[in-house]
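All remarks here apply to the structure that follows.
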């Protein structure tokens, strides 16, 4: 049994990677091989030495499904679909944020151009639903329909959250309640879907599905809050994205909203002045003096504890419960 997160990741990662490769290759034959290359590039499938992300969402799906009694190989179509949904959102997110770098290399739209970047994101969104169709091999029509509905509802929440994220950049008064509504869609919804999908495939009852979802939802909130910490204090060579980027882009992230809440001086400088790298570093120093970096970590730990409470009440095989706890605790220290 895996004792560390990297061992757990390796236990599932090979099957996820191979399934994605075979599936993508099957839908992009001549004359669409360059589109296949874009998928491989963005997903990190073209070079095993490149950063690929931790595949947290498909990993959660496979472990949750196994915990609910479903063999890993039967859940792979759903895990692949969820990973493709996540990565479609990243391709479009880079375009919407004018982000040049993703996982330490040029973003898709920077390498292939804006038009092809948009099309690649659209293609990846569609590919997710094609991948989900693979459930037909092992699951009833009813389960397939419920899985499709779950993914569709999640995409609706995801795009609503992204809308709020972009809208808030132009608004002066964004509350913590606004922030939580935004991250429930932007980040938490897909992580909750990843976990609930396992319960759905395992044919658990509605109460158990709700518990699985609540675990994923709280985990997703903690995940985003820590990501907000990385967006100001993370090391670029480890995270694969620009440090202090959230300040330069005037994101309404958790530490920034805390700074606005506590300091009038910070609020004035953040809201009413242009922010370049030099002024972003000054604002980061102001946040540090206010102790915001610790407040962010404390908030992340609070939501993590809430997630673990739901995990303890889930109907889940004991080994997989331990794996889910391992994933949860690892998210507090993730760097890429």
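Between residue 115 and residue 25, the modelled labels are 3.1 nm apart [label points 7 Å from Cα along Cα→Cβ]. For the pair residue 268 and residue 289, label points projected 7 Å from Cα toward Cβ lie 1.4 nm apart. From the alpha carbon centroid of segment 119-167 to that of segment 203-282 is 25 Å. To test your reading of the geometry: what angle, between 0 and 90 degrees and rounded to tens, separates the Cα axis of helix 277-289 from the longest principal axis of the chain? Computed tilt is about 90 degrees. Per-residue ellipticity at 222 nm from helix content only, as computed over the chain with -39500 (n - 2.57) for each DSSP H run of at least four residues, stands at -24000 deg cm²/dmol.
Rounded to the nearest 10 degrees, the angle from helix 206-233 to the longest Cα principal axis of the chain is 40 degrees. The tail of the calculated P(r) for the chain, taken as Cα-Cα distances beyond 26 Å, holds 48 percent of the pairs. Between 198, 216, 245, the residue with the greatest mean-square fluctuation in the GNM of the chain (Cα pairs under 10 Å linked by springs) is 245. Spacing of the modelled spin labels on residue 11 and residue 282, each 7 Å from Cα toward Cβ, amounts to 5.1 nm.
Hey, what angle do you get for helix 141-168 against the long axis of the chain, alpha-carbon based, 0 to 90 degrees rounded to 10? That helix lies at roughly 10 degrees to the long axis.
Based on alpha carbons, the Rg and Dmax found for segment 105-223 are 16.8, 51 Å. Please list, by residue number, everything in segment 120-145 whose backbone N is under 19 Å from a paramagnetic label point 7 Å out along Cα→Cβ of residue 317. Of the residues in segment 120-145, 138-139 have backbone N under 19 Å from the label point off residue 317.
We did not get these values from a lab; they are worked out from the coordinates using the rules stated. Here the structure is a predicted model, which means the values were calculated and not measured. Note that we place each Cβ from the backbone using ideal geometry, even for glycine, and neighbour counts take in every protein chain shown.
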